[in-house]
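Notes follow once the structure below has been shown.
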Amino acid sequence: SKARIGVTGLAVMGRNLARNLARHGHPVAVHNRTEARTKALVTEFGDEGTFVPAETPEEFVASLERPRRLVIMVKAGAPTDAVIEEFAPLLEPGDMIVDGGNAHFADTRRREAALRERGLHFVGTGISGGEEGALHGPSIMPGGSAESYEALGPLLEDIAAKVDGTPCCVHVGPDGAGHFVKMVHNGIEYADMQLIAESYDLLRHAAGLSPAEIAEVFRTWNTGRLESYLIEITAEVLAHTDAATGRPFVDVVLDQAEQKGTGRWTVQTALDLGVPVSGIAEAVFARSVSGHADLRRAARGLPGPQNDVRYLSGFADDVEQALYASKVVAYAQGFHQIQAGSEEYGWNIDLGQMATIWRGGCIIRARFLDRIRAAYEADPRTPTLLTDDHFAEAVGAAQDAWRRVVTTAAQLGIPAPGFSSALAYYDSLRAERLPAALTQGQRDFFGAHTYRRVDREGSFHTLWGGDRSEVEA
Ligand code: 6PG
């Protein structure tokens, strides 16, 4: 009998995805470049379902029922191209290659177009939730053709996380749409993590709480509107003690954050699309700053404020409000980027559905996403989540505390780039007039770049070097 689906690339994500499929009763073909991994999978987990191990690509492809569903779980970039080139010649029209790695959506668009020429479907699929998610139910964001989703969707929905009985998997849109949405998911993940890190830093150095005490604060927050996977694991990490030294774990970890690239891609793409994702950008830059050890060493002696740590009553509650409001901004910016990408590439992405499939399985899963789903349900064309009735009211109620936290951070010299840039974005959108008018005046002065007027149509230029009269451009 043949396998319903195949997974090649059996590192931990691929292995767990294969096990998840098998556990759901789908016979799954498994293949790895070095055969030892395939053998180990079958030996260790063979009793979880039906695995069909294959030694060679030919054997692997031959073991799949048609249309063939071949999932590749290898490193993004050149390794993915290599594996596609290895398998595509063995496939027949109508078969599909599913890329479950963190590929750049532009690569996915290129691969999809190339394989379409050869009569094959290429389905770039975002998969979030790490190792545990892959095994127990990830959030799945497949792109590719609607036709490929017909053959693949039911299987993916079967193994995805479920929230209120709804699978955290939906056809995002054609070609690179799935990987684009996964990329923005990761950008939001970076922003969320940065905001949580700033909250911790402020509670520690402004309010003077210990990591164990801060863990308790996060545990409390996790029973309210901030309830989320990231808040939950933050409490776990902060409560952890290093066995070797007896010190808080967070104090023995080198304070240089790393990144594999998806956050950076989100910001690069946002710049190309002209979408202000300042919260995500600050998060990427904050990791970058942390990693510049030499720069930080050189600057360590620079003067700061003369304030001491002090107990600030009600401060933890203020930080909760700042975190909530900044988080709404980060998500509003991320969703704006998805909307812009969808328009640019003609993907027709349903934003409410994205919030729906992120409610479970993925790293940014949170109670809050149900509110985002509701906001798009109420108005699918809302220009920003910030003006949704619920969020406008909640952020409006939080803004005084938010401002106090940003002020306190500035006064004490504690960096809070996420909180402060989110607040600046909020105030920029709110403003009746922005100083962009002055910027336009300067551009016209030095480069005759022209400006538009508030009271008349057209483009204008002032003769700055002459009699300063205005001419129509
Ligand atoms: C997920 C995660 C995952 C990613 C990590 C690492 O959704 O399961 O986003 O895909 O590998 O978040 O990202 P960085 O190494 O860039 O922090």
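The values are calculated or read from the model by the stated rules, or taken from the named source; none is laboratory data. Quick caveat: nothing in here was measured; it's all calculated off a predicted structure. Heads up, the Cβs are rebuilt from the backbone with ideal geometry, glycines too, and the neighbour counts pull from every protein chain shown. Only protein heavy atoms, including side chains, enter the accessible area calculation; ligands, DNA and RNA are left aside. Shrake-Rupley method; radii C 1.70, N 1.55, O 1.52, S 1.80 Å.
State whether the residues of segment 170-180 include one that is open to solvent by 40 Å² or more (accessible area, probe 1.4 Å), at pLDDT 95 or above and either away from the ligand (no atom under 16 Å from the Cβ) or part of a helix (DSSP H, G or I) (or both). Please lay out each step first, then the result.
Within segment 170-180, the subset open to solvent by 40 Å² or more (accessible area, probe 1.4 Å) is 171, 174.
From what is left, the residues that are at pLDDT 95 or above are 171, 174.
Still in the running and either away from the ligand (no atom under 16 Å from the Cβ) or part of a helix (DSSP H, G or I) (or both): 171, 174.
Within segment 170-180, one or more residues are open to solvent by 40 Å² or more (accessible area, probe 1.4 Å), at pLDDT 95 or above and either away from the ligand (no atom under 16 Å from the Cβ) or part of a helix (DSSP H, G or I) (or both).
Are any residues in segment 249-267 surrounded by 18 or more Cβ atoms within 10 Å (Cβ to Cβ) and either among the polar types (S, T, N, Q) or in contact (Cβ under 8 Å) with a residue 60 or more places away in the chain (or both), and if so, which ones?
Thr262, Gly263, Trp265, Thr266, Val267
Across segment 71-82, what is the total count of residues that are over 23 Å from His26 (Cα atoms) and open to solvent by 20 Å² or more (accessible area, probe 1.4 Å)? Spell out the reasoning first.
Step one: list which residues in segment 71-82 are over 23 Å from His26 (Cα atoms), which gives 75-82.
Narrowing the set further to residues that are open to solvent by 20 Å² or more (accessible area, probe 1.4 Å) leaves 75-79, 81-82.
Adding up the residues that qualify gives 7.
Conditions first: (1) closer than 19 Å to Leu369 by Cα; (2) away from the ligand (no atom under 16 Å from the Cβ). Glu147 passes all but one, so which condition is the exception?
Every condition holds for Glu147 apart from (1).
Of all residues in segment 108-131, count the ones that are on the phi < 0 side of the Ramachandran plot and touching a residue at least 60 places away in the same chain (Cβ under 8 Å). If you could, list the steps in order and put the result at the bottom.
Pass one, segment 108-131, residues on the phi < 0 side of the Ramachandran plot: 108-118, 120-128, 131.
Going one step further and asking which of them are touching a residue at least 60 places away in the same chain (Cβ under 8 Å), we end up with 108-109, 112-113, 127-128, 131.
Matching residues across segment 108-131 total 7.
Given the conditions (1) crowded, with 20+ Cβ neighbours inside 10 Å; (2) within 16 Å of the chain's Cα centre (by Cα); (3) within 15 Å of the ligand (Cβ to nearest atom), and given that Thr234 satisfies all but one, which numbered condition is not satisfied?
The one condition Thr234 does not meet is (2).
So how many residues does segment 118-142 have that are closer than 15 Å to Ala177 by Cα and away from the ligand (no atom under 16 Å from the Cβ)?
Adding up the residues that qualify gives 3.
Among the candidates Gly304, Gly314, Gly396, Gly360, which residue alone is over 23 Å from Thr108 (Cβ atoms) and in contact with a strand residue (DSSP E or B) (Cβ under 7 Å, 6 or more places away or on another chain)?
Unique residue meeting the criteria: Gly360.
Among (1) at pLDDT 95 or above; (2) within 14 Å of the ligand (Cβ to nearest atom), there is one condition Gly261 misses while meeting the rest; what is its number?
(1)
Could you pull out the residue among Glu59, Glu35, Glu44 that is touching an Asp or Glu at 6+ places or on another chain (Cβ under 7 Å), open to solvent by 10 Å² or more (accessible area, probe 1.4 Å), more than 20 Å from Pro142 (Cβ to Cβ) and modelled with pLDDT of 95 or more? Even if it seems obvious, please write down each step before you answer.
Details: Glu59 fails: touching an Asp or Glu at 6+ places or on another chain (Cβ under 7 Å); Glu44 fails: touching an Asp or Glu at 6+ places or on another chain (Cβ under 7 Å).
Answer to the selection: Glu35.
Quick test for you: out of Gly224, Gly279, Gly246, pick the one residue that is away from the ligand (no atom under 15 Å from the Cβ), modelled with pLDDT of 95 or more and open to solvent by 40 Å² or more (accessible area, probe 1.4 Å).
Being away from the ligand (no atom under 15 Å from the Cβ), modelled with pLDDT of 95 or more and open to solvent by 40 Å² or more (accessible area, probe 1.4 Å) holds for just one of Gly224, Gly279, Gly246, which is Gly246.
Taking helices (runs of 4 or more DSSP H) that do not extend beyond segment 269-372, which have at least 3 residues that are touching a Gly at 6+ places or on another chain (Cβ under 7 Å)?
Details: elements: 278-291, 293-299, 315-345, 351-357.
Correct list: 278-291, 315-345.
So which pairs qualify, if the first residue must be in segment 60-72 and under 13 Å from Ser1 (Cα atoms), the second must be surrounded by fewer than 20 Cβ atoms within 10 Å (Cβ to Cβ) and among the small types (Gly, Ala, Ser), the Cβ gap must be under 9 Å, and the two must be at least 6 apart or on different chains?
Glu65/Ser1; Arg66/Gly94
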